[in-house]
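Below: the structure, in structure tokens.
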Amino acid sequence: IGISVEFDSCAVSALRTMKKAKKRCILINYNPETVSTDFDECGQLYFEELSLERVLDILEQEQINQVVVSVGGQIPQNLCLPLSKAGIKIMGTSPDMIDCAEDRTRFSALLDRIEVSQPKWQQFNDNHSALAFAQHVGYPVLVRPSHVLSGAAMNVATTCKKLKHFLHVAQDISKNSPVVI
């Protein structure tokens, strides 16, 4: 399952590897500007939205019970756990490890277990607490929405005013997840 240009090379490489192994390849992608959407690269191509319902419909129609999500960007990553819970086998990185990398608290605990130092950080659902935390740790602070790739809406705030603006931007891009500072 793939969606974006920056993941195109990974998707094409995965498709070519599967073809060499004589595996049937189906690509679900809603971005027609990518090489992976070339009919010469995959056996079957679907230009469809990347939603759980649509992907499950396609998998049922094609009688497929396994997918690769790790070459397609954030939307497939977000579909990983729901697909797994629906009985679809996730090839490559396990759903649990993808969730561990996406869930800031779990990832931080992993870093603590393997003794990798990390800066003070917290997740916030409200601006007041975020502003108080930034005041406590001192500027500059890194503002990052949760469950996004490629640094979308990630910014460095050097003042309270900039932090307020960047919090608004981060909350717009990741509405249902906390912002990390």
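The values are calculated or read from the model by the stated rules, or taken from the named source; none is laboratory data. Quantities reported herein were computed from a predicted structural model and do not represent experimental measurements. All Cβ positions, glycine included, derive from the backbone under ideal geometry; neighbour counts span all protein chains shown. Calculation scope for accessible area: heavy atoms of the full protein, side chains included, ligands and nucleic acids excluded. Shrake-Rupley method; radii C 1.70, N 1.55, O 1.52, S 1.80 Å.
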Among (1) farther than 21 Å from residue 175 by Cα; (2) open to solvent by 40 Å² or more (accessible area, probe 1.4 Å); (3) in contact with a helix residue (DSSP H, G or I) (Cβ under 8 Å, 6 or more places away or on another chain), which single condition is residue 87 missing?
(3)
For the stretch 66-76, does any single residue satisfy the condition of being assigned to a helix (DSSP H, G or I) and among the β-branched types (Val, Ile, Thr)?
yes
What pairs can you find where one residue is in the stretch 61-86 and within 21 Å of residue 7 (Cα to Cα), the other is open to solvent by less than 30 Å² (accessible area, probe 1.4 Å) and among the acidic types (Asp, Glu), and their Cβ atoms are less than 7 Å apart, with a gap of 6+ or different chains?
77/102
Qualifying positions in the stretch 121-151 - touching a strand residue (DSSP E or B) at 6+ places or on another chain (Cβ under 7 Å) and in a loop (DSSP other than H, G, I, E, B)
121, 139, 140, 146
Would you tally the residues in the stretch 54-71 being surrounded by 13 or more Cβ atoms within 10 Å (Cβ to Cβ) and of a type in the set (S, T, N, Q)?
1
Across the stretch 156-181, which residue is nearest to residue 107 (Cα to Cα) among those that are assigned to a strand (DSSP E or B) and modelled with pLDDT of 95 or more?
156
Residue check, residue 137 against (1) among the β-branched types (Val, Ile, Thr); (2) closer than 30 Å to residue 69 by Cβ; (3) at pLDDT 90 or above, all met but one. Which one?
(2)
Enumeration of residues in the stretch 108-136 that are under 15 Å from residue 179 (Cβ atoms), surrounded by 12 or more Cβ atoms within 10 Å (Cβ to Cβ) and touching a residue at least 24 places away in the same chain (Cβ under 8 Å)
121, 122, 123, 124, 127, 130, 131, 133, 134
Can you pull out the residues in the stretch 103-124 that are within 17 Å of residue 167 (Cβ to Cβ) and modelled with pLDDT of 90 or more?
121, 122, 123, 124
Scan the stretch 96-104 and tell me whether some residue there is of a type outside the set (Val, Ile, Thr), closer than 23 Å to residue 15 by Cα and part of a helix (DSSP H, G or I).
yes
So how many residues does the stretch 20-53 have that are in a helix (DSSP H, G or I), modelled with pLDDT under 90 and either under 23 Å from residue 99 (Cα atoms) or open to solvent by 30 Å² or more (accessible area, probe 1.4 Å) (or both)?
1
Tell me, which residue of the stretch 140-155 that is touching a helix residue (DSSP H, G or I) at 6+ places or on another chain (Cβ under 8 Å) and farther than 16 Å from residue 104 by Cβ is surrounded by the fewest Cβ atoms within 10 Å (Cβ to Cβ)?
150
